Amino acid sequence: MLVRNLIQGAKVQVPEVIEALEPDLLYPLLRGRDVQRWKAESSAWIFITHLPGMGLKAIPEKEMQTDYPCTYGYLKRFEEVLRKRAAFKRYFTRKDKNNRIVETGPFYSMFNVGPYTFAPWKVVWLGFGATEMKAAVVGLVGGKPVMTNQAMHPFVSSDKEDEAHYLCACLNSSVVNLAVISHTQLGGKSFAQSNILEHIRIPRFDPENPVHGRLAELSKEAHAAAARGDAQGLRAIEAEIDQQAAQVWGLSAEELRAVQESLSELSGEVEAVVLEE
């Protein structure tokens, strides 16, 4: 696969390189505004130098040279830069008994790699610069899981499509949106990181629960409507999602209206703060 490294907006300046590399370790990547409400489409690719099941242990250099020689040669070009990464220094180096720095993994080792990295389904949402929940479900692209910057796009992984869509519907509901906005500091650059789920009670998906199943179906319908640009149809779907979500938390129709009104008022305040800044 012919690839060109992205250098626009990079914090560390490196030369632009165009090379033909093995596609094995390339995965679709979500960048910036690739994630919107009910829609997420990757616009770039990223190297993952770890294989499923290896956790934080990257592919050994000898194995990389043998199995992926072109990729290894490409990474070797940037060896000095990769060794200077803060994450590499923190997680893949240590001091020996003589107080010398010893590397504990190849120079291209990556942090925050685990089973969740290679999960077939992910519920992602816009975390950087957002003022409301904008969640979407992503599945495999060309047989490969989609990757994301976890600060810019927090995510929850799942092995089941319906479970992912159920969670996405809950996250995009007015009930959760109000809770998230209320919990988030106004004007903050980082919105609703993944630990937000430690503060908001979302029941685990139960395939035998008809409300959970309906929410999963509605999320799929919402994704389809967003893909075809059907704004009117999407509003109708979101209205039913709110009604179904209200049942998840045992809210009456009157309480749901109160939530929706409060969300509308609070969203206006958030917009005003953003505009003032």
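The values are calculated or read from the model by the stated rules, or taken from the named source; none is laboratory data. Computed from a prediction, not measured in an experiment: that's the story for all the values here. Neighbour counts are summed over all protein chains in view; Cβ atoms, including those assigned to glycine, are modelled from backbone coordinates with ideal geometry.
At a glance:
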quantity: The stretch 123-146: number of residues that are buried (at least 24 other Cβ atoms within 10 Å of the Cβ) and in a strand (DSSP E or B); calculated: 7
quantity: Whichever residue in the stretch 19-50 is touching an Asp or Glu at 6+ places or on another chain (Cβ under 7 Å) and under 11 Å from His153 (Cβ atoms) and, among such residues, is surrounded by the fewest Cβ atoms within 10 Å (Cβ to Cβ); calculated: Ser42
quantity: Failed item in (1) modelled with pLDDT under 95; (2) under 29 Å from Leu29 (Cα atoms), with Arg201 passing the rest; calculated: (2)
quantity: The lone exception for Thr66 - which of (1) surrounded by 14 or more Cβ atoms within 10 Å (Cβ to Cβ); (2) of a type in the set (Val, Ile, Thr); (3) in a helix (DSSP H, G or I) it fails; calculated: (1)
quantity: Subset tally (residues that are within 24 Å of the chain's Cα centre (by Cα) and assigned to a helix (DSSP H, G or I)) for the stretch 195-213; calculated: 6
quantity: Thr93 surrounded by 13 or more Cβ atoms within 10 Å (Cβ to Cβ) and among the polar types (S, T, N, Q); calculated: yes
quantity: The listed residue being surrounded by fewer than 13 Cβ atoms within 10 Å (Cβ to Cβ), in contact (Cβ under 8 Å) with a residue 24 or more places away in the chain and part of a loop (DSSP other than H, G, I, E, B), out of Asn98, Asn112; calculated: Asn112
quantity: Considering residues of the stretch 163-194 that are of a type in the set (S, T, N, Q) and closer than 25 Å to Ser252 by Cβ only, the residue nearest to the chain's Cα centre (by Cα); calculated: Asn172
quantity: Qualifying residues in the stretch 69-88 (those that are outside any helix (DSSP H, G or I) and surrounded by 15 or more Cβ atoms within 10 Å (Cβ to Cβ)) - the one farthest from the chain's Cα centre (by Cα); calculated: Phe78
quantity: Boolean, Val175 is under 15 Å from Glu132 (Cβ atoms), of a type outside the set (S, T, N, Q) and at pLDDT 90 or above; calculated: yes
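Rundown of residues vs (1) more than 30 Å from Ser264 (Cβ to Cβ); (2) modelled with pLDDT of 95 or more, yes/no style:
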site	(1), (2)
Ile101	yes, no
Thr104	yes, no
Phe107	yes, yes
Lys122	no, yes
Gly127	no, no
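Per-residue answers, yes or no, for (1) closer than 20 Å to Gly139 by Cβ; (2) under 19 Å from the mean Cα position of the chain (by Cα); (3) not aliphatic (A, V, I, L, M):
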| residue | (1), (2), (3) |
| --- | --- |
| Ile18 | no, no, no |
| Arg37 | yes, yes, yes |
| Met54 | no, no, no |
| Glu61 | no, no, yes |
| Met64 | no, no, no |
